[in-house]
1. Taking the stretch 567-584, which residues are open to solvent by 10 Å² or more (accessible area, probe 1.4 Å) and either in a helix (DSSP H, G or I) or under 15 Å from GLN492 (Cβ atoms) (or both)?
2. Taking the options GLU501, GLU507, GLU534, name whichever one is in a loop (DSSP other than H, G, I, E, B) and surrounded by fewer than 20 Cβ atoms within 10 Å (Cβ to Cβ).
3. Looking for whichever is on the phi < 0 side of the Ramachandran plot, of a type in the set (Ser, Thr, Tyr) and in contact (Cβ under 8 Å) with a residue 12 or more places away in the chain here; the options are THR291, THR307. Which one fits?
4. Just the residues that are open to solvent by 10 Å² or more (accessible area, probe 1.4 Å) and either on the phi < 0 side of the Ramachandran plot or modelled with pLDDT under 95 (or both), please, taken from the stretch 124-137.
5. Which one of ARG465, ARG474, ARG480, ARG503 is out of contact with any helix residue (DSSP H, G or I) (no Cβ under 6 Å at 6 or more places or on another chain), basic (Lys, Arg) and under 30 Å from LEU426 (Cα atoms)?
6. With the requirement that a residue be in contact with a Gly (Cβ under 8 Å, 6 or more places away or on another chain) and either assigned to a loop (DSSP other than H, G, I, E, B) or surrounded by fewer than 19 Cβ atoms within 10 Å (Cβ to Cβ) (or both), what does the stretch 9-50 give you?
7. Condition test on PRO235, is it surrounded by 13 or more Cβ atoms within 10 Å (Cβ to Cβ), in contact with a helix residue (DSSP H, G or I) (Cβ under 8 Å, 6 or more places away or on another chain) and either assigned to a strand (DSSP E or B) or on the phi > 0 side of the Ramachandran plot (or both)?
8. Among the residues of the stretch 338-346, is any more than 26 Å from GLY129 (Cβ to Cβ), among the aromatic types (Phe, Trp, Tyr) and open to solvent by 40 Å² or more (accessible area, probe 1.4 Å)?
Amino acid sequence: MGETAGRAARGPRCIALVGPYLSGKTTLLEAILARCGAIARQGRIGDRNTVGDSSPEARAHAMSVELNAASATFIDETFTFIDCPGSIEFAEEARNALAACDAAVVVTEADDKKVPALQLILKQLDELGVPRLIFVNKIDRSEETLLDVLTYMQPASSRPLVLRQVPIWRDGIAHGFVDLALERAFVYREHAASEMIEMPADMLAREKEARFAMMEKLADFDDELMEQLLSDIEPPRDRVFADLSRELREGLITPVLFGSAENGNGILRLLKALRHEAPGVAETAARLGLTGKEPGAVAQVMKTIHTAHGGKLSLARILRGEIADGAVVHGADGHDARIAGLFTLMGSEAKKIASAPVGSTVALGRLEGVATGETLATAKAPKQLLARRRTPPVYGLAIAVPDRKDEVKLTGAVAKLIEEDPSLSLDHNVETHEMVLWGQGEIHLRVALERLLSKFGVTAKASPRHVAYRETIRKGTQVRGRHKKQSGGHGQFGDVVVEIEPRARGEGFSFTDTITGGVVPKQYIPAVEAGVREYLHQGPRGFPVIDVQVNLSDGSYHTVDSSEMAFKTAARLAMTEGMPQCQPVLLEPIAAVDIHVPSDATARVNQIVSGRRGQLLGFDARDGWPGWDTVKAYMPESEIGNLIVDLRSATAGVGTFTWSHDHLAELTGRLAEQVMTARKAEAA
C-alpha cells in the first residue's frame, strides 16, 4: 500500500537524455522503448527508423537537431523521455526542457576528448539544479578501465562521481557487470535482460574494493554510514539504496552506470535506477519554486512545435493538478488561451487524450501567444518559474526571397521558427537593407533554412551579411557649389561656399554657418544643411560619412529664382566636389570579443585571432570553469562572420564567444580597395 501511494505521489516522471554530440542518446531512447515494449523492435540511426530524430533535417544530417519526446511504462510506472540534441548549436533546446524534468541521464562515451562537451552539459544541469546520473555508453568498444574514465571525467563534474557497477571483462570485451549495491553479478544478453550469475572468483576482491569506494563517497553525506564503515560494520543493503536515492535527489552525487545502447546492454539496470532513485514531480515542482498551495493546475512549456496539419503544439510538463482538453490557461503576463487538443507524443506521432494528470508530459494544442519556457496555470496568472533568456548569437546570414512580394511570408515563417527555437533571432538591418537571421552556428542556420522550406514552403537564399563600414576625412577644404538652371519662367539658383573639416573620432557630424550680410537668406540655410546631410549618406568611398564639420561661410542668391531645393542641390554639389579633396578614408567596425575555450586549445585560438587581423589583449582562466580559458581580443567585425566555424573546429565543437561593437578603425590598402570594389559592383 505504501509503495503504491509513493508511486502516485511521484506521478508520471520525465527524464531528459542529454550528452555530447554522437554519444548515442537517440539509440539509448530506442533501446529503452524496446525494452519497455513501447515499440516492437529497436530502430537504428543508419536505417532512419528511430522514434527520435524523425524529422527530415535530423535524418539528412544524421544528428539530433531538436528535442523529441516519447513515453513508456516500466513495470508499473510511466516515464516520458526527452531526447535532447548534443551539439552546442542546439543547446537551448535542452535548457528549456531540462528545468521541468525530474532527472537527466547524461549519455557519454569513454573518450577523454568528449570531456569539454560533457562539462558544458553538466554546467547547464548545475545552473538548473537538475539531478543527474551518467550512462557511459558503447562500453563494448571501450579500451579503458572505468576507473580511468572516472579519473578524467571527475574534473568536469561539480558533484562526486559514484561508480554503481564494475564491468566483467572477457578477452577485452565487457561481458557483463557487477552491481555494487546489490552485490550481484550479471552477464549481458543482446537486446534482452541480463542474466544473473554466480560472482566470478576473480571479481571478488575487485568488487569488495569498488563497493567500499562507493560507500565511502555516500558516507561523505551520511555520518551514520561513515561510523559503520570506520567500525567495519557492514551497512544494511536497504540503507545503501536509501542513500543512493537521497543523495541523487538532493544533487549531492552523480551515480555512474554503463552499457551499450546499440546492443541493449545495461538498459534494465538503468531503468531500475531511475524507477527507484529518480525524484518525482512533487520534488521537481518544489525545486522550481512551487509551494504546493497554488490553486488549479500549473504547467511549464518545454518546447513549441508547428506541425503541418495540427497547427501549433506546446509540449509541457504538468507540475501541479490536472489539465483537461478545452481548459483555459493563463500566462505569467496575464494573457489567456484555450487548449484545443491534448496529446501524448511518441516522436513525431501525436495521440489525442482527454486529460493529463500531474507529472504528465503532454502537448497542448493551439495556444496562440504562449511561448517556449513560459509557465501556465488554470486558476490565475502564475509566477514565471524559469528565467527567460536569449542566448547571444554567434553566426548570422543575410536571407532573402527571390520575389520581394514573398517577404511577408518569409518573416511570418521565420517568426514561427523563432517560436520553436528561441536561440534564433531576426534582425532587420536598416543601414544595410538586409534581414539577418542569427543563430548558434553554421549547422544551426542551415537546419533553420531547411525547415523554412520543408515546414513552411519558403525558399530563402542565404548570403554573408554586410558589414556596416563608414568613412571619414583626414584634412579639410573649402569649396563652392553653384546650381543654376534656366528653363523659361522661374529658373533655379543656389550658390554656397562650404568649409569641410575633420572632427575627432566619435564626435559625429556638426553643421554651422558664419553667413553675414544676408548673402544666403536665413530661410535657405536649413536647406543647405539638408543637402549636406543627404550627401553624407554615401561619401566618395561609397559609405556613410561620420565625424565631419561643415560650415556655410558664403554664397549668393537670386530674388526670383532661388529656392530651398536650389540651395539643397548646391550644397550637394559642393560636398560632391569637396569631399574627394579631403583625403577620405574607410573605417571598419572593430568588436571587443571574449572567446571561451578549453585551455588546451588556447594557443590554437590565439593563432586564429591573429590570422583574422585580431589584436590579442590577453587571456585568463574562465571563472568557474576548471580547465577553460577566456581569450580577450579586438577583431574587425568583417572577420567575425564565420569565426565560430574555426573555433568549433579547433575545440572539438565546444568553443564559443560573445562580442560587442567597440570602435572604428581606419582600413587602407588592398583590403580597403576590395571593400570599395565590392560596393561598386553591388551598386552597378
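The values are calculated or read from the model by the stated rules, or taken from the named source; none is laboratory data. Computed from a predicted structure; not experimentally measured. Because the Cβ atoms are built from the backbone with ideal geometry, glycine has one as well, and the counts that use them run over all protein chains shown. Ligands, DNA and RNA are excluded from the accessible area calculation, which covers all protein heavy atoms including side chains. Shrake-Rupley method; radii C 1.70, N 1.55, O 1.52, S 1.80 Å.
1. Those that are open to solvent by 10 Å² or more (accessible area, probe 1.4 Å) and either in a helix (DSSP H, G or I) or under 15 Å from GLN492 (Cβ atoms) (or both): LYS568, THR569, ARG572, LEU573, THR576, GLU577, PRO580, GLN581.
2. Only one candidate qualifies: GLU507.
3. THR307
4. GLN124, ASP126, GLU127, LEU128
5. On inspection, the qualifying residue turns out to be ARG465.
6. Correct list: ALA9, GLY11, PRO12, GLY19, PRO20, TYR21, LEU22, SER23, GLN42, ASN49, THR50.
7. Spelling it out, it is not the case that PRO235 is surrounded by 13 or more Cβ atoms within 10 Å (Cβ to Cβ), in contact with a helix residue (DSSP H, G or I) (Cβ under 8 Å, 6 or more places away or on another chain) and either assigned to a strand (DSSP E or B) or on the phi > 0 side of the Ramachandran plot (or both).
8. Yes, the stretch 338-346 contains a residue that is more than 26 Å from GLY129 (Cβ to Cβ), among the aromatic types (Phe, Trp, Tyr) and open to solvent by 40 Å² or more (accessible area, probe 1.4 Å).
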